[in-house]
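See structure below.
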Amino acid sequence: MAAGFKTAEPLEYHRSFLRENCRPDGRELSEFRTTTLNIGSISTADGSALVKIGNTTVICGIKAELANPTVEAPGKGYIVPNVDLPPLCSSRFRPGPPGEQAQAASQFVADVIESSELIQTEDLCIERGKLCWVLYCDLMCLDYDGNLLDACIMALLSALKNTQLPEVTINTETGSPEVNFKKRHELRIHKHPVATSFCIFDESILIVDPTSDEESLVTAQLTVVTDDEGRLCSVYKPGGTSVSGEKLQQCINQATARQREIQKLINKVISSVKTAQ
Amino acid sequence: MTQSSCDALHFFRGGGMMEVCGSSTVSLREFGCEQSLLSRPDGSASFTQGDTSVLAGVYGPAEVKVSKEIYDRATLEVLVQPKVGLPSVRERLQEQCVRETCEASLLLSLHPRSSLTLILQVLHDDGSLLSCFLNAACMALMDAGLPMSCLFCAVTCAIDTDGQITTDPTAAQEKESRALMTFAIDSTERKVLMSSTKGSFSVSELQQCIAVSQKASEKIFQFYRDSVRRRYSKIL
């Protein structure tokens, strides 16, 4: 009976739960789904992480390559994020070139990397004007159940913290780079940005960490990215119904609390990975 | 909670409208608009803010592709065309922002199973491009005579290294800025419809920028009103 009601009247189905201050999956309005983190899941990558927020699963692999720095920024390396939403993860995605949502997510991740300065791109430079590192960050969604951006940012941050770059020396005689794979060092991560997504249901009810069903029914979405100092790196609201000042403040407060939780989780997993080695 | 966000909460309690901080001035570049300048689209407008200029055209409501059909409302498609080259990933994000803002203000359920297409052509970019897109889009939708629940306008704010807020920055000011924010404000409640930011900033800076944008939006809405009044006074 309930299943039929959900299919026929999805909006009314969700409303009947929200009226009782809970959600169809048993959560409260401001409750996050269980977040699971696995670091170093891909042994062949330079850094990797797998994040699960409820059913949503995102895996991030980092590949470091040597390249020439750009002429405009000779003392800097670069980071290239790419979000992939394959048809595997949800029926809403079709095979072929990346759709609008995947492209928008890639650009969002790139903007967060730039805004938060989580890595100083100067650190990726090996020799000014000649050689630098390029970090290709491939984020792939394996299971899409809403809240893609939170999972992507978290997977990216954890994978970057796990990244070990080999030492590179430039041979003075031949001028060619020599890579010493045995000697690796960690990347310096300056900031810990964490994204927290919110949805506005029926123009007034604020819910966190939306599922895919909820995302398709809400009137507005909002993503707040905060770093460890409590500064905002991004307040991204692509449109939808308007949000009042008090609601926005409520979101920011929850995002700061979430940032602390996630940073604690990442540090815990990183240290457990280190002791295992 | 940090000290700064405590102050911020107090800032917000004032009600709908927020106070504008005395140190920042609201100055916009010269802006201009021309409606119905193209013959083929159902609605068109060009919007200029200083040297930034955007041309917008709206087609619809028209027939929709079966794959994009939505049974209870119209499908809105936004296409951003850069001055040179093909649209890239950056344009996709801008398209998403414009589309979802327009979707919120248009009464799309009045035209089920039909399509609306909004094309935004960059003529010149000298900063505050996203806000110019949104302003041009609103004027073009108005020109097309599409039913809307409210109008909207957008304001870009730049915070420089001294913490000074500049509204409607030029490309040079954008480059020097520490943080850049664009807000779309609706005409009925003066609330934030869209927000897109770059760079890091504190909570109180965000609130100041929102307040400044709300103040600046008054000017733009007044301009909308004046330009439409001028236009229809000629026709009638």
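So is A:G175 at positive phi and out of contact with any helix residue (DSSP H, G or I) (no Cβ under 9 Å at 6 or more places or on another chain) or not? Write out each step before concluding.
Details: at positive phi: yes; out of contact with any helix residue (DSSP H, G or I) (no Cβ under 9 Å at 6 or more places or on another chain): yes.
Considered against the rule, which asks whether it is at positive phi and out of contact with any helix residue (DSSP H, G or I) (no Cβ under 9 Å at 6 or more places or on another chain), A:G175 comes out as yes.
Residues that are at pLDDT 90 or above and of a type outside the set (S, T, N, Q) within region A:231-242 comprise A:R231, A:L232, A:C233, A:V235, A:Y236, A:K237, A:P238, listed in sequence order. Summed over region B:190-200, residues that are surrounded by fewer than 21 Cβ atoms within 10 Å (Cβ to Cβ) and under 13 Å from B:S131 (Cα atoms) total 0.
Let me confirm something: among A:Q107, A:Q120, A:Q103, which residue is within 8 Å of chain B (Cβ to nearest Cβ) and over 13 Å from the mean Cα position of the chain (by Cα)?
It is A:Q103.
State which residue pairs qualify: first residue over 17 Å from B:L118 (Cα atoms) and inside region B:69-84, second residue open to solvent by 20 Å² or more (accessible area, probe 1.4 Å) and outside any loop (DSSP other than H, G, I, E, B) in any location, beta carbons under 8 Å apart, and separation of 6 or more residues or different chains. The qualifying pairs are B:D72/B:S109. Condition (residue is modelled with pLDDT of 95 or more, surrounded by fewer than 20 Cβ atoms within 10 Å (Cβ to Cβ) and part of a strand (DSSP E or B)) applied to region A:152-165: is it met by at least one residue? So far as region A:152-165 goes, no, none of its residues is modelled with pLDDT of 95 or more, surrounded by fewer than 20 Cβ atoms within 10 Å (Cβ to Cβ) and part of a strand (DSSP E or B). When A:L149 is tested against (1) more than 23 Å from A:Q277 (Cα to Cα); (2) open to solvent by less than 10 Å² (accessible area, probe 1.4 Å), only condition (2) is not met. Scanning region A:215-261 for residues that are touching a His at 6+ places or on another chain (Cβ under 8 Å) and assigned to a helix (DSSP H, G or I), we see that the one that is surrounded by the most Cβ atoms within 10 Å (Cβ to Cβ) is A:Q259. Report yes if B:S115 is surrounded by fewer than 22 Cβ atoms within 10 Å (Cβ to Cβ), at pLDDT 95 or above and polar (S, T, N, Q), otherwise no. Criteria met by B:S115.
Considering region B:53-73 alone, what residues qualify as being modelled with pLDDT of 95 or more and either β-branched (V, I, T) or over 20 Å from the mean Cα position of the chain (by Cα) (or both)?
Within region B:53-73, the first condition is being modelled with pLDDT of 95 or more, and the residues that meet it are B:53-59.
Across region B:53-73, the qualifying residues are B:V54, B:V58.
Scanning region B:60-95 for residues that are touching a Ser or Thr at 6+ places or on another chain (Cβ under 8 Å), within 13 Å of chain A (Cβ to nearest Cβ) and assigned to a loop (DSSP other than H, G, I, E, B), which turns out least open to solvent (accessible area, probe 1.4 Å)? For region B:60-95, the residue satisfying everything is B:D72.
Among the residues making up region B:150-189, those that are open to solvent by 40 Å² or more (accessible area, probe 1.4 Å), within 27 Å of B:M139 (Cα to Cα) and either at the interface with chain A (Cβ under 9 Å from one of its Cβ atoms) or touching a Phe, Trp or Tyr at 6+ places or on another chain (Cβ under 8 Å) (or both) are B:L151, B:T188, B:E189.
Name the strands (runs of 3 or more DSSP E) wholly within region B:139-236 that hold at least 1 residues that are under 18 Å from B:E100 (Cβ atoms)? Give the steps one after another, and end with the answer.
Working: elements: B:152-159, B:165-167, B:179-186, B:192-198.
Correct list: B:152-159, B:179-186, B:192-198.
Tell me, please, whether a residue that is touching a residue at least 12 places away in the same chain (Cβ under 8 Å), over 23 Å from B:L28 (Cα atoms) and among the β-branched types (V, I, T) can be found in region B:147-156. Checked against the condition, which is being touching a residue at least 12 places away in the same chain (Cβ under 8 Å), over 23 Å from B:L28 (Cα atoms) and among the β-branched types (V, I, T), region B:147-156 yields no hits at all. Scanning region A:108-128 for residues that are open to solvent by 50 Å² or more (accessible area, probe 1.4 Å) and not in a strand (DSSP E or B) gives A:E114, A:E117, A:Q120, A:E122, A:D123, A:R128. A Cβ distance below 7 Å, combined with a sequence gap of six or more or placement on separate chains, defines the contacts here; from region A:198-220, residues that are more than 17 Å from A:R33 (Cβ to Cβ) and within 14 Å of chain B (Cβ to nearest Cβ) reach residues that are open to solvent by less than 20 Å² (accessible area, probe 1.4 Å) and in a loop (DSSP other than H, G, I, E, B) in the pairs A:I200/A:G240; A:T219/A:G240; A:A220/A:G240.
Any residue at all in region B:208-228 that is in contact with a Cys (Cβ under 8 Å, 6 or more places away or on another chain), within 14 Å of chain A (Cβ to nearest Cβ), open to solvent by 10 Å² or more (accessible area, probe 1.4 Å) and closer than 26 Å to A:K247 by Cα?
From region B:208-228, those in contact with a Cys (Cβ under 8 Å, 6 or more places away or on another chain) are B:208-209, B:211-213, B:217, B:220-221, B:223-224, B:227; that's our starting set.
Adding the requirement that they be within 14 Å of chain A (Cβ to nearest Cβ) leaves B:208-209, B:211-213, B:217.
Filter again for open to solvent by 10 Å² or more (accessible area, probe 1.4 Å), leaving B:208.
Filter again for closer than 26 Å to A:K247 by Cα, leaving B:208.
Among the residues of region B:208-228, at least one is in contact with a Cys (Cβ under 8 Å, 6 or more places away or on another chain), within 14 Å of chain A (Cβ to nearest Cβ), open to solvent by 10 Å² or more (accessible area, probe 1.4 Å) and closer than 26 Å to A:K247 by Cα, which makes the answer yes.
The values are calculated or read from the model by the stated rules, or taken from the named source; none is laboratory data. All figures in this text were calculated on a predicted structure; none of them were measured in a lab. Ideal geometry is used to build each Cβ from the backbone, glycine not excepted, and the neighbour counts take in all protein chains shown. In case anyone asks, the SASA skips ligands and DNA or RNA and just uses the protein heavy atoms, side chains included. Shrake-Rupley method; radii C 1.70, N 1.55, O 1.52, S 1.80 Å.
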